[in-house]
Amino acid sequence: MALTILLFACKKTETLLLPDQESTTASSEKKGGGTTSPAVTTTAASVILSFGATSGGSVSASGGGSSVTERGVCFNTSSNPTIANSKVPSGSGPGTFTSILSGLTAATTYYVRAYAIKSTGTTYGNQISFTTASPNYGTVTDIDGNVYTTITIGTQVWTVENLKTTRYRNGVSIPNVTDNAAWATQTTGAYSNYNNDEGNVATYGRLYNWYAATDANNIAPSGWHVPSYAEWDVLRN
């Protein structure tokens, strides 16, 4: 059975929060032995969203920068994070790098430091801090009266749940096809339920074929559309 699970997005401009930079003065801390350490600088956070942000840093070539086996940023909800906390490795050696912090908690303050690891120890850059945005939730209702939670992610708005409608936006019914052979040969829009069980709809939504997804009657709620590959790519990135 060829199945298509649909999510819908529309684009919306989001105002990004400005980072609360705790310190702009580089300060290094070296652990372990060794006589020299590279200069490490942490980049101020940017693109601060509800569940992620972008930071990064730079590692100098001097001080043994070419011997750095791992560089990146470490972060925590407490000040002065170390690599024992959460970290995002971003290459090795000297140079500038960008790190994407993901899996963060909304409306929470995080502390970030760039780091550089070499055989003689770990050097940390200056500390910066930022607060993640509060989630921007909303709702949308389809033609059948099903209400979906929506969430803003970056510049896009997505439904949190999968679609459940049995009708197109204009009220035209979508056939419910329960036979596998009939589904495989279907050349017009159709939907099915997981295991043909209506009780699964609340959890999984309904399953639609490609003909339903692309039908001119429009399966998405008013003001919404089936996402393009490019929009999925934006979400993934």
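The values are calculated or read from the model by the stated rules, or taken from the named source; none is laboratory data. The structure displayed is predicted, hence computed values, not measured ones. Reconstructed Cβ throughout: ideal geometry from the backbone, glycine too, with neighbour counts over all protein chains shown. In case anyone asks, the SASA skips ligands and DNA or RNA and just uses the protein heavy atoms, side chains included. Shrake-Rupley method; radii C 1.70, N 1.55, O 1.52, S 1.80 Å.
Taking only protein heavy atoms and a 1.4 Å probe, what accessible area per residue, in Å², does the range 95-171 have with all protein chains in place? Could you put the intermediate results ahead of the total?
On the way: 2950 Å² over 77 residues.
Result: 38 Å² per residue.
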For the chain, the accessible surface attributable to carbon and sulfur atoms (probe 1.4 angstrom, ligands and nucleic acids excluded) amounts in percent to 51
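So what is the 222 nm mean residue ellipticity for the chain from helices alone, if each DSSP H run of at least 4 adds -39500 (n - 2.57) and you divide by all residues, rounding to the nearest 500 deg cm²/dmol?
After summing the helix terms and dividing by the residues of the chain, the value is -2000 deg cm²/dmol.
From Cα pairs below 8 angstrom and at least 6 apart in sequence, can you work out the relative contact order of the range 115-237, rounded to a whole percent?
Reported relative contact order: 19 percent.
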Please compute the modelled spin-label separation between ARG167 and VAL147, points set 7 Å along Cα→Cβ, answer in nm with one decimal. 1.9
Quick one: divide the alpha-carbon radius of gyration of the range 186-237 by 2.2 N^0.38 Å and tell me what you get. 1.33
Quick one, which of [x] 49, 18, 14; [y] 44, 18, 15; [z] 28, 20, 17 is the actual semi-axes √(5λ) of the Cα gyration tensor in Å calculated for this model? [x]
Calculated FRET value between HIS225 and ALA107, using beta carbons and R₀ = 35 Å, to 0.05: 0.70
Kindly report, to the nearest 10 Å², the accessible surface of ASP197 as traced by a 1.4 Å probe over protein heavy atoms only. 70
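Note the full-extension length gain between THR131 and SER86 as 0.36 nm times their separation in residues minus their Cα-Cα distance, in nm to one decimal.
Working: separation 45, 0.36 × 45 = 16.20 nm, distance 1.63 nm.
Contour length minus the Cα-Cα distance gives 14.6 nm.
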Modelled FRET efficiency - R0 35 Å, ASN218 with ILE100, Cβ distances, 0.05 increments: 0.50
In whole Hz, with x marking every Gly and Pro, tabulate ³J(HN,Hα) for the range 91-102 from phi via Karplus 6.51 cos²θ - 1.76 cosθ + 1.60, θ = phi - 60°. x, 8, x, x, x, 9, 9, 10, 10, 9, 8, 10
Spatial separation of Cα centroids for the range 70-134 and the range 174-188, in angstrom: 51
